[in-house]
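Heads up: the structure comes next, in structure tokens.
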Amino acid sequence: MDTADVAPTPPMGWNSYDSFSWNVTEAHVKANADHMAAHLKHYGWQYIVVDWAWYYPGSGTESPNQDAALNPRLHLDANGRMLPDPIRFPCSSGTNGLKPLADYVHSLGLRFGIHLMRGIPRQAVTDNVPILGTSYRAAEIANDTTAAWLNLMWGLDMAHPGAQAYLDSLFELYASWGVDFVKVDDIAAPTYRESEVDGYRLAIRRSGRPMVLSLSPGPTPLASGEHVAANANMWRVVNDLWDNWADVDALFDKLRDWTPYRTMNSWPDPDMIPIGRLSQQGPVGPPRYSNLTPDEQRTLMTLWCITRSPLMWGGDLVENRASELALMTNAAVLAVNQRSTNNRELHGGPSCVWTADVPGTNDKYVALFNRGSSMANVSCTLPEKQALVTDLWSGADLGTANGTFTRTLPPHASGLYRLTPSR
């Protein structure tokens, strides 16, 4: 089974990182899965993803590094494969791994994902554990590359056959747990690791289980666009996104630049959506609701939808208020993300316009953005002389536009519309 047909539309889900950093627990995951099943599944939301260091013991606000003596010890099996911390994930006792948690998520009609750091644990290399099913050992297949922000792993020498065998053994295990989505970190930037991307894709295929392959962090180099689009389902176009307008604004140009590589099963990824209850146990700033204003939050969602970006929510779903839920459950807006075609920027700059086609019709979707700091009129020329205009966020009929369509928008605000030719 390959990555080729697992993401025909942009994946929609929840990732634990923005809410809980590496402190996420089984209880947190189940609570967010319950909320998604009860309130969001009907709208297409389906992935529950456990982010980094679920195999690291304890909890804390610092990055989960090891000291020079490789303490604290990670939870690994005899072949150097990561196993969950049994304190945070009590379902993993014995040889269960994360299978009981995946089974719970699946029982709700949802899909389950995990985060992996690129490579093999340094602890496994120091212990020189055997690579499952081979005569190779861990010290033979590692190189000295590691993430600047987390020292738990060494990279893999993909020229050595034992490296692919190790990846195959990982995905054999995680397929047995029922994993549907894998986010691989330290692989897209600051260096794009082409041979390792190939290795993860091959390991997924050999596992026999369909899995979405997501690459991070960013920015993935545009020069690697052809390779990444052919081998991954999602890849980050920026580094970590947080709840400030400058970071959101920078994404307009990034998402425009990646337009040639946006296609079925291959989606440029602007990162998790930093909306809702954030950083309750790290990683950035105090516990809070998003610092983005209501206009900025709607602009983010409008941009993600008109650019068909993956919708991976970062805020704790359990803490959603009516305003967050409204952003996540507008069926007309989500249809733009899931079913539009030919998505493209018409005008850039402070008054930015994107458009897309409505399949099976002559209608167009149009997104208008005021990226500036004062009120502005934002306009687009109609493809037809006249069009009936529907505001997708409110559902309101705005009447007929003639020749051009213009809206007056506050700073950092946006609108998303459907234009139906009237003659």
message: Whole percent per 5 Å bin, from 0 to the bin with the longest distance: what is P(r) over all C-alpha pairs of the stretch 223-311?
response: 3, 14, 25, 22, 16, 10, 7, 2
- prompt: Of the beta bridges DSSP finds with both residues in the stretch 220-328, what % are antiparallel, to the nearest 5?
  reply: 40 percent
query: Based on Cβ point charges of +1 for Lys and Arg and -1 for Asp and Glu, what charge dipole magnitude is obtained for the chain about its Cα centre, in debye rounded to the nearest 20?
result: 860 debye
- request: For the stretch 166-324, give the magnitude of the charge dipole about the Cα centre (Cβ charges: +1 Lys/Arg, -1 Asp/Glu; no others), in debye to the nearest 20.
  value: 380 debye
statement: Rounded to whole Å, √(5λ) for the Cα gyration tensor eigenvalues of the stretch 292-423, largest first, gives 24, 17, 13
Shape of the stretch 364-404, Cα gyration tensor, a/c cut at 1.5: oblate
Phi-based couplings in Hz for the stretch 272-278 (Karplus 6.51, -1.76, 1.60; Gly and Pro marked x): 4, 8, x, 10, x, 7, 10
- request: Find out how many positive minus negative residues lie around Arg288, taking Lys and Arg as positive, Asp and Glu as negative, among other residues whose Cβ is under 15 Å from that of Arg288.
  value: -4
Dipole axis of the chain (+1 Lys, Arg; -1 Asp, Glu on Cβ), positive-most option in Gly415, Gly360, Phe181: Gly360
task: Beyond 16 Å, what share of the Cα-Cα pairs of the stretch 345-421 is found? Please give it as a whole percent.
output: 47 percent
- prompt: Would you list Leu74, Leu382 from fewest to most Cβ contacts within 10 Å?
  reply: Leu382, Leu74
task: State, as an integer percentage, the relative contact order of the stretch 1-131 based on alpha-carbon contacts under 8 Å between residues 6 or more apart.
output: 28 percent
query: Once amide H atoms are placed 1.01 Å from N in the peptide plane, what residues at a sequence separation of 5 or more from Leu346, or on another chain, have their amide H within under 5 Å of its amide H?
result: Val353, Trp354, Thr355
- prompt: Within the stretch 351-366, whose backbone N sits under 15 Å from a point 7 Å along Cα→Cβ of Thr381?
  reply: 353
- line: Counting only DSSP beta bridges fully inside the chain, the antiparallel percentage to nearest 5 is 60 percent
- request: Divide the volume of the convex hull of the Cα atoms of the stretch 229-368 by its number of residues and quote the answer in cubic angstrom per residue.
  value: 117 Å³
query: Which order results if Trp45, Trp177 are arranged by neighbouring Cβ count within 10 Å, fewest first?
result: Trp177, Trp45
- request: Quick one: grab Rg to one decimal and Dmax as a whole number for the stretch 144-216, Cα atoms only, in Å.
  value: 12.0, 33
- prompt: Scattering from the C-alpha atoms of the chain alone, worked out with Debye: what is log10 I(q)/I(0) at q = 0.06 1/Å?
  reply: -0.25
query: Considering the dipole of the stretch 261-356 built from charges on the beta carbon (Lys and Arg +1, Asp and Glu -1) around the Cα centre, which of Pro283, Ser351, Leu317 is farthest to its positive end?
result: Ser351
- prompt: For Trp245, Trp267, what ranking results if the residue with the fewest other Cβ atoms within 10 Å of its Cβ goes first?
  reply: Trp245, Trp267
query: Sorted by packing (mean other beta-carbon atoms within 10 Å per residue), highest first, where do 132-145, 184-197 land?
result: 184-197, 132-145
field: Mean Cα-pair separation over length for the stretch 345-421, i.e. relative contact order, pairs under 8 Å, 6 or more apart, %
entry: 34 percent
Eligible lysines near Lys30 by straight Cα distance, threshold 24 Å, same-chain separation 8 or greater: Lys41, Lys99, Lys183
field: Sequence-separation-based contact order of the chain, relative, with Cα cut under 8 Å and 6+ spacing, percent
entry: 15 percent
statement: Residue-ordered couplings for the stretch 89-94, obtained by feeding phi - 60° into the Karplus form 6.51 cos²θ - 1.76 cosθ + 1.60 and rounding to whole Hz (Gly and Pro as x), are 10, x, 5, 8, 4, x
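The numbers here are math on the coordinates, done by the rules we state, and not lab data. The shown structure was predicted, so the numbers you read here are calculated from the model rather than taken from an experiment. So basically every Cβ, Gly included, is an ideal-geometry build from the backbone, and we count neighbours across all protein chains shown.
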